[in-house]
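Working notes, structure below.
The values are calculated or read from the model by the stated rules, or taken from the named source; none is laboratory data. Note that the structure is predicted; figures quoted are calculated from it, not measured. All Cβ positions, even for glycine, are placed from backbone atoms using ideal geometry, and neighbour counts span all protein chains on display. SASA here: full protein model, heavy atoms, side chains in, ligands and nucleic acids out. Shrake-Rupley method; radii C 1.70, N 1.55, O 1.52, S 1.80 Å.
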Amino acid sequence: MNVPREKTARATTDRVLVIMAKAPRAGAVKTRLVPSLSPSDVTALYCCLLKDTLALAQSLGDVEVAIMCPESDVNDLAQMAGDEATVIAQKGEGLAAGLASVFRHFTENGRRRTIAFNSDSPHLPPSFLENAFQTLVNHDVVIGPTHDGGYYLVGARASHPELFVRDGMGTSSALDALLARARGLDLSIGFADPFYDVDVVDDLTRLAAELRLAPEKAPRTANWIRDWRRAPSSADTGKS
């Protein structure tokens, strides 16, 4: 099920930015933040991260913005995105299937520069995304490494389903596995700047420090973190 939500002025661009997302439901998103955060807090945080990530994507010029998600999440995410993005149901289950769906969908009728990136990196400098698109001019694939051995973005100009398999997804070997598959396909590889996403509480602590100095990078997330830190803990309220 596809729900078109893109601005028609951007439909003819050769640059596509796709956010890999899920509907914000407790137990389905950012599960590694529990128990440091309650399930309801994780869900609220994820909503803010996703909305700020959409704003980041929209801040780039001449880019079609889309969301790729499980089919069951399309309606919820379409309501959240409004007119900000196309919401598209992936084929198959899991992140590997979602990434394969991105490039199959957006490069099928032409060699469009397509980048898929995380829904939890709204603090990413826009220049990183611009540079990644530029890298695709001269390379088959662009990859944005994270500091924990994964990657926060991957881009290509054509569909390469063999790039994405379940093995290694979401682990500290994810980047190495992706690089090995790309080299095995004889694809030229370029790199975006290394960055971090928000997977564990240490990442959230780092993000909080960054947004305390520059809340405009991700204003919804900055406000949520500020209010969450001000909220009384169970110890403060005398609850066990």
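A218: modelled with pLDDT of 95 or more, surrounded by 14 or more Cβ atoms within 10 Å (Cβ to Cβ), in contact with a His (Cβ under 6 Å, 6 or more places away or on another chain) and not charged (D, E, K, R), yes or no? Yes, satisfied. Keeping to segment 91-118, report how many residues are open to solvent by 20 Å² or more (accessible area, probe 1.4 Å) and either in contact with a His (Cβ under 9 Å, 6 or more places away or on another chain) or of a type in the set (S, T, N, Q) (or both). So the count comes out to 3. Annotation note: of S40, S121, the sole residue that is open to solvent by 20 Å² or more (accessible area, probe 1.4 Å) and either acidic (D, E) or more than 17 Å from A158 (Cβ to Cβ) (or both) is S40. Checking every residue in segment 183-202 against the condition of being of a type in the set (D, E), in a helix (DSSP H, G or I) and farther than 26 Å from F106 by Cβ gives at least one match. Could you tell me whether segment 80-96 includes any residue that is among the polar types (S, T, N, Q) and closer than 18 Å to F117 by Cα? Checked against the condition, which is being among the polar types (S, T, N, Q) and closer than 18 Å to F117 by Cα, segment 80-96 yields at least one hit. Screening L175 with (1) under 14 Å from the mean Cα position of the chain (by Cα); (2) open to solvent by less than 30 Å² (accessible area, probe 1.4 Å) gives one miss only, at (1). Return yes or no: is D14 touching a helix residue (DSSP H, G or I) at 6+ places or on another chain (Cβ under 8 Å) and surrounded by fewer than 16 Cβ atoms within 10 Å (Cβ to Cβ)? So D14 fails the test.
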